[in-house]
C-alpha cells in the first residue's frame, strides 16, 4: 500500500516540477517553489509511512532503494543546478567553459570517492540490500558520514547516498548540456559535417547500446560515465538521445517488452547469421 501511495505521490511531484519549470518566473522563485513542492511530497510519504507498515522486507528495501531516493534526488538536483548557475562567471566563453569543466570534475570525484557503492547502484546489484536499505540495519563503517544521526524511522543506511547518485547523474547531464551550449557554433557544425554515418533507427535502441557499454565498463577502463557516452554518440551518429536519466526510465519502466528489446534482437540476428554460415 505504501509503495503504491508513494509512487503516485512521486508522479504527482514530477508533474508539479515540470509545470514550475515551464513557468516564466525568476530562477530564485522557481527554486523556492520547487523546494516547497518537494518538501510537501516528502512530508506526505513520511505520513504514509507512519500510518502503515511495509508488506515485507522486499517492500521496505524497494521503498528506501528507489522510491524515497527519487524524491530526495529532486531536492538535491534543484539546489545543485541552481547553485551551479548562480556561481557561473558572467564573462567570456573561455572562463565559462573552464567553470563547467571544473564543476564536472567535482561530480566525477564524488563518484570516484564512492566508487564501490556507485558500481553497486549502477549495476542494480542486490546482494547487500538488507544491509543498506532496511531501517533496522546498523550504519556500515564504509558509508559516508551523512548517514550518521539519520532519522531511523524514515531512512536506511544508504538511501541518502543513492539519492545523491541519482541527483548527480542528472547534474552531469545539466552541466554537459550547458558546456555544449557555450561551445563554438562553427566548431560544432564542422564536426557534424565530418560525420559520415547517421543513426536512422529509434533513438531508444541506441540508448540500450549506450547503457550496455557503460554498465559493462568498456570505455576509459570503466571510468566513462553514461552522460559522456551519450554526448559521444550524439554527434557521432547525428542523433539526439535526450537526458540519460530520463531515457533510463524509458527502459526500466517497460512492462510488456524485454528491458533489452533491441539488444535481444541483435543477439538473435547474430545467431541466425552464424548458424547460416555454419550450414554452408
> Would a scan of the stretch 252-267 turn up a residue that is loosely packed, with under 12 Cβ neighbours inside 10 Å, out of contact with any strand residue (DSSP E or B) (no Cβ under 6 Å at 6 or more places or on another chain) and either at pLDDT 90 or above or not assigned by TED's automatic domain parsing to the domain that holds residue 199 (or both)?
Replying inline: yes
>> Please return the ranges of helices (runs of 4 or more DSSP H) entirely within the stretch 1-75 where 2 or more residues are exposed (fewer than 15 other Cβ atoms within 10 Å of the Cβ) and within 19 Å of the chain's Cα centre (by Cα).
In response: 2-22
> Does the stretch 202-212 contain any residue that is under 29 Å from residue 88 (Cβ atoms), assigned by TED's automatic domain parsing to the domain that holds residue 253 and modelled with pLDDT under 85?
Replying inline: no
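Each row is one residue, and each column tells you yes or no for (1) farther than 28 Å from residue 257 by Cβ; (2) modelled with pLDDT under 90; (3) assigned by TED's automatic domain parsing to the domain that holds residue 101.
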| residue | (1), (2), (3) |
| --- | --- |
| 148 | yes, yes, yes |
| 157 | yes, no, yes |
| 162 | no, no, yes |
| 219 | no, yes, no |
> Across the stretch 86-103, what is the number of residues that are surrounded by fewer than 18 Cβ atoms within 10 Å (Cβ to Cβ), assigned to a helix (DSSP H, G or I) and free of Cβ contacts under 8 Å to residues at least 60 places away in the same chain?
Replying inline: 5
> Can you tell which of 170, 246 is in contact with a helix residue (DSSP H, G or I) (Cβ under 7 Å, 6 or more places away or on another chain) and either at pLDDT 90 or above or within 28 Å of residue 105 (Cβ to Cβ) (or both)?
Replying inline: 170
>> With over 24 Å from residue 121 (Cα atoms) and either in the same structural domain as residue 124 (by TED's automatic domain parsing) or at pLDDT 95 or above (or both) as the only criterion, which of 73, 21 stands out?
In response: 21
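The values are calculated or read from the model by the stated rules, or taken from the named source; none is laboratory data. The shown structure was predicted, so the numbers you read here are calculated from the model rather than taken from an experiment. Counting neighbours? That spans all protein chains shown, and the Cβs are built from the backbone with ideal geometry, glycine included.
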